[in-house]
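Undergrad: Pasting in a structure now, in structure tokens, and then I'll have a few things to ask.
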Amino acid sequence: MKAVVQRVSMARLTINEKTERSMGPGLVILLGIEESDEVSDILWLSGKISRLRIFNDSTGVMNLSIREQGGELMIVSQFTLHASTRKGNRPSYIKAAGPDKAIPLYEKFILQMESDLEKEVLTGEFGANMQVNLTNDGPVTILIDTKNKE
């Protein structure tokens, strides 16, 4: 799994040009699922994100997690995170999991994040045309790959 974690002051998600979801300060996660991902990737990634200390404390130092800060969370599926641009100019998405595998893992990841944060999270709709509008706070953007646990 790959995740782009963005600290935001606000975000709005439009799905298929109609459904809107919006939030205030928190995190927007763009999540890419690949064919080799398993439940263990979900557990590791959710734990890492929920404990990631990227919110400012009272002294202005990034020392608080989303749990401690109390922010909101939005999770949007994004298979293009697994694009390979090695050959030519047209990205290949061969590593991205197909819907049969990706949808159950996406849904399990959402449930795991809700469990870890003890609150509901906003979500996109798997496979839908979505527009994400956000104000990146900082900016703080972190890339996390469960196959490269740094």
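Rule-based calculations on the coordinates, nothing more; no lab input. Since we're looking at a predicted model, the values are computed, not measured. Note: ideal-geometry Cβ built from the backbone for every residue, glycine included; neighbour counts use all protein chains shown.
Undergrad: Could you check the range 108-142 and list, in sequence order, the residues that are under 17 Å from L30 (Cβ atoms), out of contact with any strand residue (DSSP E or B) (no Cβ under 6 Å at 6 or more places or on another chain) and surrounded by fewer than 14 Cβ atoms within 10 Å (Cβ to Cβ)?
TA: Hits for the range 108-142 are G127, N129, P139.
Undergrad: What pairs come out if I take residues in the range 127-143 that are more than 20 Å from K48 (Cα to Cα) and pair them with residues that are of a type in the set (D, E) whose C-beta lies under 8 Å away, six or more apart or interchain?
TA: If the second residue must be of a type in the set (D, E), the pairs left are N129/E17.
Undergrad: Now for a different question. D37 passes all but one of (1) in a loop (DSSP other than H, G, I, E, B); (2) over 21 Å from L111 (Cβ atoms); which number fails?
TA: Failed condition: (2).
Undergrad: For G32, indicate whether it is in contact with a strand residue (DSSP E or B) (Cβ under 8 Å, 6 or more places away or on another chain), in contact (Cβ under 8 Å) with a residue 40 or more places away in the chain and on the phi > 0 side of the Ramachandran plot.
TA: no
Undergrad: Out of everything in the range 6-23 that is out of contact with any Lys or Arg (no Cβ under 9 Å at 6 or more places or on another chain) and part of a strand (DSSP E or B), what residue ends up being surrounded by the fewest Cβ atoms within 10 Å (Cβ to Cβ)? Give the steps one after another, and end with the answer.
TA: Residues of the range 6-23 that are out of contact with any Lys or Arg (no Cβ under 9 Å at 6 or more places or on another chain), as a first pass: 6-10, 16-19.
The next check asks that each one be part of a strand (DSSP E or B); those that pass are 6-10, 19.
Working: Q6: 23, R7: 25, V8: 25, S9: 14, M10: 15, T19: 12.
Restricting to residues being out of contact with any Lys or Arg (no Cβ under 9 Å at 6 or more places or on another chain) and part of a strand (DSSP E or B), the top hit is T19.
Undergrad: Something else about it: Looking at the range 87-110, which of its residues are free of Cβ contacts under 8 Å to residues at least 40 places away in the same chain and among the aliphatic types (A, V, I, L, M)?
TA: If we filter the range 87-110 for residues that are free of Cβ contacts under 8 Å to residues at least 40 places away in the same chain, which is where we start, we get 87-94, 99-100, 103-104, 107, 110.
Of everything in the range 87-110, those that are free of Cβ contacts under 8 Å to residues at least 40 places away in the same chain and among the aliphatic types (A, V, I, L, M) turn out to be I94, I103, I110.
Undergrad: On to the next question. Could you tell me which of the residues L64, L73 is in contact with a strand residue (DSSP E or B) (Cβ under 6 Å, 6 or more places away or on another chain), hydrophobic (A, V, I, L, M, F, W, C) and free of Cβ contacts under 8 Å to residues at least 40 places away in the same chain? Break it down stepwise before answering.
TA: Working: L73 fails: free of Cβ contacts under 8 Å to residues at least 40 places away in the same chain.
Just a single option satisfies the conditions, and that option is L64.
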